[in-house]
Amino acid sequence: MGFSEQEQQHEAGRLHEKLSKVGWTVEDCKLIAPMTLEINQLKRQQNALILAHSYQTPDIMYGVADAIGDSYGLSVEAKKSPAKKIIFCSVHFMGETAKILSPEKEVLVPAVAGCSLADSITAEDVRKLRRQHPKAGVVCYINTSAAVKAECDACCTSSNALKIIDAMPQEEIIFIPDKLMGQNLQPLTKKKLILADGRCIVHEEFTPESVKAIRAQYPGIKILAHPECSPSVVSEVDFIGSTSQILDYVHTSKDKDFMLVTECGITDRVNIEKRDKNIYGSCVLCPYMKKISLAGVLKALKDPTEHQIVKIDPSVIRKARACIENMFALEKKSQNLGLTARQIPAES
Ligand code: SF4
């Protein structure tokens, strides 16, 4: 697909307006302009919707995506959209969640990307845990495969995990797969949590020492973290929230200086969308999320491979959907306020 010099110049200018805020040069933007032009043209021709998780690279988020957000919010976006084809720029389980909620749509992922949490547990592991703890209910974090969700009673997100656990009828809850999130939740609920051993390789990297060092260097700084971090990190920060909650906090806060204890995509989003905020300290890249490239998005639109097409057995879709729908039912039932930093005791 050929684009004129003028079209490419104009596209490079459009990209540079956003991406220059995170260090991209005009030359960098000129290099990708033909590809973003082609992707956006194919997207319109095919009536496709491109979704990008907030941990994607800026060229994907601001070059081709129609919506940027977190795992669950984007799946709801996919369901609401009239588009018949969804390109989900993210890790595989998120593409699966979109397919579970919109089985009639064609859902594609640009690369086969795992996730240390989702890959830490299988459907058979869940069945084994159920046999070991027959009285316990099973709640799975959204970072799980469709096959695992199909074996669980209810799903949860990082922002409603506490509500869901408290609203479950059982007193013992098998909470999978995130051990660190489970440890953060345990002091906040009267339920006994039985934890698996999954960890997010991004959020487990942060240490309380790194947080304390930044606070000492920048007095008055606000430090925000994701609940996939360890309890020792959580106890040192000012706010705990999902990726969307962290972004909302920064966007609405009067504070100027922040440390974001999470994946680097969130720092990119703040640097591009909120130029009046200063971000200090280092972030961590997710190697799985960063497997997605513009070339992969183009391939998914032009000539998708078998691996790019999200396929789930209909019986698994039915059971996994029941698990997600139970999350809504339990959320309504719950009177709790959910997992936010203001509710996590500093000493937890
Ligand atoms: S940041 Fe962590 S939880 Fe998210 S995809 Fe990467 S490994 Fe999985």
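The values are calculated or read from the model by the stated rules, or taken from the named source; none is laboratory data. Just so we're clear, the structure is a prediction, and the values are computed from it rather than from any experiment. In this analysis, Cβ positions are derived from the backbone assuming ideal geometry, glycine residues included, and neighbour counts consider all displayed protein chains.
When GLU263, GLU306 are checked against the criterion of being of a type in the set (Asp, Glu) and farther than 21 Å from ASP70 by Cβ, a single residue qualifies: GLU306. Among the residues of the stretch 129-148, just one is among the charged types (D, E, K, R) and not in a helix (DSSP H, G or I), namely LYS135. Here is the figure for the stretch 64-116: residues that are free of Cβ contacts under 8 Å to residues at least 40 places away in the same chain, within 15 Å of the ligand (Cβ to nearest atom) and closer than 20 Å to LYS299 by Cα total 0. Among the conditions (1) out of contact with any Lys or Arg (no Cβ under 9 Å at 6 or more places or on another chain); (2) surrounded by fewer than 22 Cβ atoms within 10 Å (Cβ to Cβ); (3) within 19 Å of MET289 (Cβ to Cβ), the only one that ASN271 does not satisfy is (1).
Kindly indicate the residue of the stretch 117-130 that is of a type in the set (A, V, I, L, M) and near the ligand (Cβ under 10 Å from one of its atoms) and also surrounded by the most Cβ atoms within 10 Å (Cβ to Cβ) among those meeting that condition. Checking each candidate, the answer is LEU117. So, LYS163, is that one assigned by TED's automatic domain parsing to the domain that holds LEU330, of a type in the set (Lys, Arg) and at pLDDT below 95 or not? The answer is yes for LYS163. Taking strands (runs of 3 or more DSSP E) as the structural unit, those lying wholly within the stretch 149-227 and holding at least 1 residues that are of a type in the set (Asp, Glu) correspond to 172-176. Hey, could you check the stretch 244-276 for residues that are hydroxyl-bearing (Ser, Thr, Tyr) and under 22 Å from GLN217 (Cβ atoms) and say which is nearest to the chain's Cα centre (by Cα)? Once the filter is applied, the top-ranked residue is THR262. Starting from residues that are surrounded by fewer than 21 Cβ atoms within 10 Å (Cβ to Cβ), over 17 Å from ALA225 (Cβ atoms) and charged (D, E, K, R), keep the ones in the stretch 241-268 and report whichever is farthest from the ligand (Cβ to nearest atom). Out of the qualifying residues, it is LYS254. If you go through the stretch 269-292 and keep only what is out of contact with any Asp or Glu (no Cβ under 7 Å at 6 or more places or on another chain), of a type outside the set (Lys, Arg) and more than 16 Å from the ligand (Cβ to nearest atom), you end up with VAL270, ASN271, ILE272, GLU273, ASP276, ILE279, GLY281. Cβ-Cβ distances below 9 Å connect the following pairs, each with a first residue in the stretch 279-303 that is farther than 30 Å from GLU209 by Cα and in contact (Cβ under 8 Å) with a residue 12 or more places away in the chain, a second residue that is hydroxyl-bearing (Ser, Thr, Tyr) and assigned to a loop (DSSP other than H, G, I, E, B), and a separation of six or more residues or different chains: ILE292/THR57; ILE292/SER90; SER293/THR57; LEU294/THR57; LYS299/THR305. Within 16 Å of the ligand (Cβ to nearest atom), in contact with a helix residue (DSSP H, G or I) (Cβ under 9 Å, 6 or more places away or on another chain), in the same structural domain as THR267 (by TED's automatic domain parsing) and modelled with pLDDT of 95 or more, is that true of CYS155? In short, no.
Only one entry of THR97, THR144 meets the criterion of being within 24 Å of GLU263 (Cβ to Cβ) and either in contact with a Pro (Cβ under 8 Å, 6 or more places away or on another chain) or small (Gly, Ala, Ser) (or both), and that entry is THR144.
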